[in-house]
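K.L.:
Can you read through this structure? Questions will come right after.
The values are calculated or read from the model by the stated rules, or taken from the named source; none is laboratory data. Small disclaimer: the values here were computed from a predicted structure and weren't measured. Here Cβ is always computed from backbone atoms with ideal geometry, including for glycine, and neighbour counts include all displayed protein chains. With ligands, DNA and RNA removed, areas are computed over all heavy atoms of the protein, side chains included. Shrake-Rupley method; radii C 1.70, N 1.55, O 1.52, S 1.80 Å.
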Amino acid sequence: MSAPSTPSLPAAAAPGRTLAAWWQALPLTTVFALFFLVPLSLIVMVSFWDFNEYELLPGFTFKNYIAIFEGCSNTSDWCVTFKTYFSTFKFSFLVWLITLVVGFAVSYFLAFHVRSSSVQTLLFVLCTIPFWTSNVIRMIAWVPLLGRNGLVNQTLMGMGTIEAPIEWLLFSDFSVVLAFVHLYTMFMIVPIFNS
């Protein structure tokens, strides 16, 4: 004769298991609240305060938000706010697209065309060498290369390709995109290569 079996509860519905999951999530939730939600709430709160030349004045006003869109009533030209948003999205999209193409090509080459794992590691480390220096140093390093008297202009003038230095190589949209691609391509290579 067998003993009657009692139905077992699923693991998720077992008492105490749900409470343990909440206790495990508590430290991360606390860090998230302290270092993200609280500062974000303070920024939103202060954005409604008034100000003068010297201090923030606690209160509630929409003056700061109205000031953002001053000058936007002229329909013939965009105001500063919309120009800034547009250029931000333009640069973000261009940098993302170029880093995706370059990052995918480099990752594909490293993953499928380099057979030796030691050579893969060596080439991967070579890709990370620019990250051993500061972002500021890497940005300043473009000036002697792309400047009016930089290496590119001097080489092109020496070969007789151009008569005068190319002005748009530095301090232009081209140089902004190039610098950001240089900064962020590795952040595209690493996850693509690992996947």
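K.L.:
Among VAL106, VAL80, VAL95, VAL101, which is the only one that is within 29 Å of the chain's Cα centre (by Cα) and open to solvent by 100 Å² or more (accessible area, probe 1.4 Å)?
P.N.:
VAL80
K.L.:
State all residues of the range 129-138 that are assigned to a helix (DSSP H, G or I) and either farther than 16 Å from LEU178 by Cβ or of a type in the set (A, V, I, L, M, F, W, C) (or both); if no residue qualifies, say none.
P.N.:
Looking only at the range 129-138, we keep the residues that are assigned to a helix (DSSP H, G or I), and these are 129-132, 135-138.
Listed by number, the residues that qualify are ILE129, PHE131, TRP132, VAL136, ILE137.
K.L.:
Residue check, PHE187 against (1) farther than 23 Å from LEU97 by Cβ; (2) loosely packed, with under 14 Cβ neighbours inside 10 Å, all met but one. Which one?
P.N.:
Only one criterion in (1) farther than 23 Å from LEU97 by Cβ; (2) loosely packed, with under 14 Cβ neighbours inside 10 Å is unmet by PHE187, namely (1).
K.L.:
Within the range 139-184, restricting attention to residues that are among the polar types (S, T, N, Q) and assigned to a loop (DSSP other than H, G, I, E, B), which residue is least open to solvent (accessible area, probe 1.4 Å)? Show your work before the answer.
P.N.:
Taking the range 139-184 as the starting set, the residues that turn out to be among the polar types (S, T, N, Q) are 149, 153-155, 161, 172, 175.
Of the ones still in play, those that are also assigned to a loop (DSSP other than H, G, I, E, B) are 149, 161, 172.
On the way: ASN149: 122, THR161: 90, SER172: 27 Å².
Per the stated criteria, the residue is SER172.
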